[in-house]
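Chemist: Okay, handing you the structure first.
The values are calculated or read from the model by the stated rules, or taken from the named source; none is laboratory data. Since this is a predicted model, take the numbers as computed values, not measurements. Note that we place each Cβ from the backbone using ideal geometry, even for glycine, and neighbour counts take in every protein chain shown.
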Amino acid sequence: MNNSLVPLLWFLAILALIPVVLWLLKRTPLGGAALGGQLRTVAQLVIAPSQRIVIVEVGQDEDRQWLVLGITGQQIRTLHVMPPQADAGAALQAAQPSFSSLLKRNLGGRHADGPGPHTST
């Protein structure tokens, strides 16, 4: 083989291996080892389509902290740092009932009171 082609072939081989290595890292436990499972989303509140407030837990054991983040389409800003609290996800779900539970409650209340205004006699 021509000696001038060997460096070019090595270069092409390395370029071909980059996507393969990235794909393998994404699908193996080594890919998530950078954070070591030290990051989780606790709660999130959508303010607008591109704006939300998110509580993220970082760290492990005694080093855990909650970060309150303001997220927009252009930036992420830390609004507050606090020690971990009781699970905020359950508290948010209890404070904001689902659409189906609201609908059942409203429909159930109407039927219990008698016929609604739209029924004919």
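Chemist: Restricting to the stretch 46-62, what's the tally of residues that are in contact (Cβ under 8 Å) with a residue 24 or more places away in the chain, more than 17 Å from A86 (Cβ to Cβ) and assigned to a strand (DSSP E or B)?
Modeler: Qualifying residue count for the region: 1.
Chemist: Would you please list the contacts, defined by Cβ atoms under 8 Å and residues six or more apart or on different chains, that run from a residue in the stretch 1-28 that is at negative phi to a residue that is assigned to a helix (DSSP H, G or I)?
Modeler: Final answer for the pair search is L25/G31.
Chemist: Assess whether L30 counts as being at pLDDT below 85, under 20 Å from Q75 (Cα atoms) and surrounded by 10 or more Cβ atoms within 10 Å (Cβ to Cβ).
Modeler: no
Chemist: I've got another one for you. Within the stretch 63-84, track down each residue that is assigned to a loop (DSSP other than H, G, I, E, B) and surrounded by 11 or more Cβ atoms within 10 Å (Cβ to Cβ).
Modeler: R64, T72, P84 - these are the residues of the stretch 63-84 that are assigned to a loop (DSSP other than H, G, I, E, B) and surrounded by 11 or more Cβ atoms within 10 Å (Cβ to Cβ).
Chemist: How many residues are among the hydroxyl-bearing types (S, T, Y) and modelled with pLDDT of 85 or more when one looks only at the stretch 63-100?
Modeler: The total comes to 2.
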